[in-house]
Amino acid sequence: MYHIIYAMLAMLLVMFFSLNLMRAAQSTQQRQIINETGTQLTGVAADVFEYLASRAYDAATDTARVHVYPPVTTPLALTIEDGAGWGGCTPYASMYNPGACLDLDDYDGATMTRDYEGLEYDVEITVRYVQRNNPDQPSATQTYAKEVHLEITNPHLLLGDNPVTAEMTRVYTYDEPTY
């Protein structure tokens, strides 16, 4: 009689340990997926930041158009944040309208889809002037520092019921002229 009870207890212990092992394995796999997704989000951000770094800082500093604009000697000569040419561009628009996407602020409000290792990510871009000595503070006037904020989302990868999203920021600066 006791041997049946001991056998049942042994089976319960084996089932308990087996269930815990499966839960641990599942938890490890979920952490690996989250880490890999984070790596991919960082890769997408790096690609977009690198692309934007290839653009001119401002229309007034674009060396291809330097004959049109006088040299920038003060930040007030830079594009006004709500002025013409601020925003409304996508990286692909430059293929169809070469004059549309020449500098950083042209990408303010732009959205694009990036394919990275077989997955599509949606990227929203925001550009604003910030204080050069304190880039966490937005500036009400033009400065030699622009913050580019990316919000990257993969609507097909979910954490719970929410799509995987990451926000990343980089500050681009223009070297102040010295005379």
Unique match (being of a type in the set (D, E, K, R) and within 18 Å of the chain's Cα centre (by Cα)) among Glu176, Glu147: Glu147
Any hit, the range 24-36, residues being under 14 Å from Tyr107 (Cα atoms), surrounded by 10 or more Cβ atoms within 10 Å (Cβ to Cβ) and modelled with pLDDT under 85: no
Output for the range 111-134, where each listed residue is closer than 15 Å to Leu150 by Cβ and either touching a residue at least 60 places away in the same chain (Cβ under 8 Å) or assigned to a loop (DSSP other than H, G, I, E, B) (or both): Met112, Arg114, Tyr116, Tyr121, Val123, Ile125
Tally, over the range 135-160, of residues that are assigned to a strand (DSSP E or B), touching a strand residue (DSSP E or B) at 6+ places or on another chain (Cβ under 8 Å) and not charged (D, E, K, R): 12
When residues of the range 43-73 are limited to those that are outside any helix (DSSP H, G or I) and modelled with pLDDT under 65, the one surrounded by the fewest Cβ atoms within 10 Å (Cβ to Cβ): His67
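Just give me the residues in the range 117-127 being at pLDDT 85 or above and surrounded by fewer than 17 Cβ atoms within 10 Å (Cβ to Cβ), in sequence order.
Of everything in the range 117-127, those that are at pLDDT 85 or above and surrounded by fewer than 17 Cβ atoms within 10 Å (Cβ to Cβ) turn out to be Gly118, Leu119, Glu120, Asp122, Glu124, Thr126.
The values are calculated or read from the model by the stated rules, or taken from the named source; none is laboratory data. Not measured: the values here are computed from a predicted model. Quick reminder, even Gly has a Cβ in these numbers, built from the backbone with ideal geometry, and neighbours come from all protein chains shown.
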